[in-house]
Amino acid sequence: MIQKNDIIKHMAFFRKCEMDYKTLAERLIKVLASQLKVEIDFELPLRTFKPFYTTTQVGQMHEWYYFFHGHHCLFKNGITQQKIEASLVNGKNFGTLDPLFFMEYILSTEEYHPLPVSISEPYQDGIKIIESIRSPSK
């Protein structure tokens, strides 16, 4: 499992990952909304996309595949295999960090490899990393 001192040592890396995650999640969900010809209800985006859970729950958008599930939309790049989950229940914050989803994103993003730290337990390591990003002085 990742150690706190390794997280602190590589905090700039994890903050970049967080910003990239938020930016990409927002961009992808907005492009998807455009493709589906819907306006996003920013109070609760799930209301916008819920009707598609039964008609086009799975689809393709350029090189990205999407899959609506629960409170998220999974995007997976068909070329790079990069994965990212966009939250549909946190208003305009499509890049809300979930420990497992955030680690899957980092592990599947070629640009971040080789990783500066070893991720051996994605969910537990994700919890530690997110907690450190939110309160780095602890």
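A compact table of results
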quantity	calculated
Heavy-atom surface of the chain, accessible at 1.4 Å and reported per residue (Å²)	54
Charged-residue dipole, Cβ positions (Lys, Arg, Asp, Glu), the chain about Cα centre, Debye nearest 20	260
Among Q60, A25, V38 the positive-end extreme of the charge dipole of region 1-71 (Cβ point charges)	A25
N5-T54 FRET efficiency (beta carbon distance; Förster radius 35 Å; 0.05 resolution)	0.15
Over the chain, relative contact order from alpha-carbon pairs under 8 Å, at least 6 apart, %	28
FRET efficiency, E43 to F67 (Cβ-Cβ, R0 22 Å, nearest 0.05)	0.40
Where labels lie 7 Å past Cα in the beta-carbon direction, separation of I119 and V89 in nm	2.3
Square roots of 5 times each gyration tensor eigenvalue, C-alpha, region 78-138, largest first, Å	19, 18, 9
Carbon/sulfur fraction of accessible area - the chain, other protein chains in place, 1.4 Å, %	55
Calculated P(r) of the chain - Cα pairs past 18 Å, %	54
Label point at I79 placed 7 Å out along Cα→Cβ; residues across region 31-59 whose backbone nitrogen lies under 11 Å	none
Structure-based [θ]222 nm, the chain - -39500 (n - 2.57) summed over DSSP H runs of at least 4, per residue, nearest 500	-14000 deg cm²/dmol
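The values are calculated or read from the model by the stated rules, or taken from the named source; none is laboratory data. Please read all numbers here as calculations on a predicted model, not as lab measurements. With ideal geometry, Cβ positions are generated from the backbone for all residues, glycine too; neighbour counts draw on all protein chains shown. All accessible areas refer to the heavy atoms of the entire protein, side chains included, with ligands and DNA or RNA removed. Shrake-Rupley method; radii C 1.70, N 1.55, O 1.52, S 1.80 Å.
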